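One structure is given here, and the rest of the page talks about it.
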């Protein structure tokens, strides 16, 4: 469980009733991002309050009426996902900064510069976001915020989401070293073994990941991997 000094109040109000819990602010982002958590580890106490500051517990009858259960952990899940969270200014700033970094990373991995066919450096994306003064919601998922941010970035930098297909040839010896990377960077859409024991495959991946993929292949194979980007008329 979390210490009281580190906790915040999450509140759900409906039909004139208020239900509050004391939680670690980090759990809000985790749960709203769809992550599985052991909620009890993020609560000060497994109790639902009518007024947390006064220590007044919520009536079980009202909990049953509003949430269909009196289980405090089940009620807490609904409060976190649908209720309001009272963050301090510093807590909100830290959570916004963390979400901003994750958004920059997501866009850098999935987007490309259509003028060059290559990815945008994260610093360029971050600078453009600062210039457009896009608002970051600490509780909305990265995926939910990216479309509006992309719309804001396009007047400043040429950018779009796209995928590339990378043809790769590695020796049979290097195949084992690279196999997990083939899967983690994208989707193997074609593969075959050659008579000389080498492996040839085509991997579809987010356009922004191509530079990292090439660097990984060079590292795994000591520069022996053959790679090339396939054009649309492949």
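Filtering region 5-16 to residues that are at negative phi and in contact (Cβ under 8 Å) with a residue 40 or more places away in the chain leaves 8, 9, 10, 11, 12, 13, 14.
Can residue 150 be described as within 30 Å of residue 32 (Cα to Cα), touching a residue at least 40 places away in the same chain (Cβ under 8 Å), surrounded by 15 or more Cβ atoms within 10 Å (Cβ to Cβ) and not assigned by TED's automatic domain parsing to the domain that holds residue 113? It would help to see each step written out before you state the result.
Details: within 30 Å of residue 32 (Cα to Cα): yes; touching a residue at least 40 places away in the same chain (Cβ under 8 Å): yes; surrounded by 15 or more Cβ atoms within 10 Å (Cβ to Cβ): yes; not assigned by TED's automatic domain parsing to the domain that holds residue 113: no.
No: the conditions fail for residue 150.
Is there a residue in region 17-36 that is assigned to a strand (DSSP E or B), touching a residue at least 60 places away in the same chain (Cβ under 8 Å), surrounded by fewer than 20 Cβ atoms within 10 Å (Cβ to Cβ) and touching a strand residue (DSSP E or B) at 6+ places or on another chain (Cβ under 8 Å)? No, the conditions are met nowhere in region 17-36. Scanning region 177-186 turns up at least one residue that is assigned to a helix (DSSP H, G or I), in contact with a strand residue (DSSP E or B) (Cβ under 9 Å, 6 or more places away or on another chain) and either in contact (Cβ under 8 Å) with a residue 60 or more places away in the chain or under 13 Å from residue 207 (Cβ atoms) (or both).
Any residue that is in a helix (DSSP H, G or I), in contact (Cβ under 8 Å) with a residue 40 or more places away in the chain and within 18 Å of residue 7 (Cβ to Cβ) - is there at least one of those in region 47-66? Full working, then the answer.
As a first pass, look at region 47-66 and keep what is in a helix (DSSP H, G or I): 60-66.
Restricting the remaining residues to those that are in contact (Cβ under 8 Å) with a residue 40 or more places away in the chain gives 62-63, 66.
Right, trim to within 18 Å of residue 7 (Cβ to Cβ) and you get none.
No: zero hits.
Counting residues in region 219-229 that are exposed (fewer than 14 other Cβ atoms within 10 Å of the Cβ), in contact with a strand residue (DSSP E or B) (Cβ under 8 Å, 6 or more places away or on another chain) and under 30 Å from residue 96 (Cβ atoms) gives zero.
Quick check on region 133-155. Is at least one of its residues at positive phi and modelled with pLDDT under 95? Within region 133-155, one or more residues are at positive phi and modelled with pLDDT under 95.
Taking region 135-160 only, how many residues are in a helix (DSSP H, G or I) and in contact with a strand residue (DSSP E or B) (Cβ under 8 Å, 6 or more places away or on another chain)? Write out each step before concluding.
First pass over region 135-160, keeping only residues in a helix (DSSP H, G or I): 142-153.
Still in the list and also in contact with a strand residue (DSSP E or B) (Cβ under 8 Å, 6 or more places away or on another chain): 150.
Within region 135-160, residues that are in a helix (DSSP H, G or I) and in contact with a strand residue (DSSP E or B) (Cβ under 8 Å, 6 or more places away or on another chain) number 1.
Of the residues screened, residue 93 is one that is part of a helix (DSSP H, G or I), loosely packed, with under 14 Cβ neighbours inside 10 Å and outside the structural domain of residue 18 (by TED's automatic domain parsing). The residues of region 40-66 that are surrounded by 15 or more Cβ atoms within 10 Å (Cβ to Cβ) and closer than 18 Å to residue 86 by Cα, listed by number, are 42, 43, 44, 45, 47, 48, 49, 50, 52.
Could you tell me whether region 102-121 includes any residue that is in contact (Cβ under 8 Å) with a residue 12 or more places away in the chain, within 30 Å of residue 22 (Cβ to Cβ) and within 22 Å of the chain's Cα centre (by Cα)? Even if it seems obvious, please write down each step before you answer.
Within region 102-121, the first condition is being in contact (Cβ under 8 Å) with a residue 12 or more places away in the chain, and the residues that meet it are 102-115, 117-121.
Next cut, within 30 Å of residue 22 (Cβ to Cβ) only: 102-103.
Subset that is within 22 Å of the chain's Cα centre (by Cα): 102-103.
Yes, there is a match, as at least one residue in region 102-121 is in contact (Cβ under 8 Å) with a residue 12 or more places away in the chain, within 30 Å of residue 22 (Cβ to Cβ) and within 22 Å of the chain's Cα centre (by Cα).
Looking across 189, 168, 202, one residue alone is surrounded by 15 or more Cβ atoms within 10 Å (Cβ to Cβ), over 18 Å from residue 219 (Cβ atoms) and outside the structural domain of residue 147 (by TED's automatic domain parsing). It is 202.
The values are calculated or read from the model by the stated rules, or taken from the named source; none is laboratory data. This structure is a prediction, so every number in the text was calculated from the model and none was measured. Positions of Cβ are backbone-derived with ideal geometry, glycine not excepted, and every protein chain shown enters the neighbour counts.
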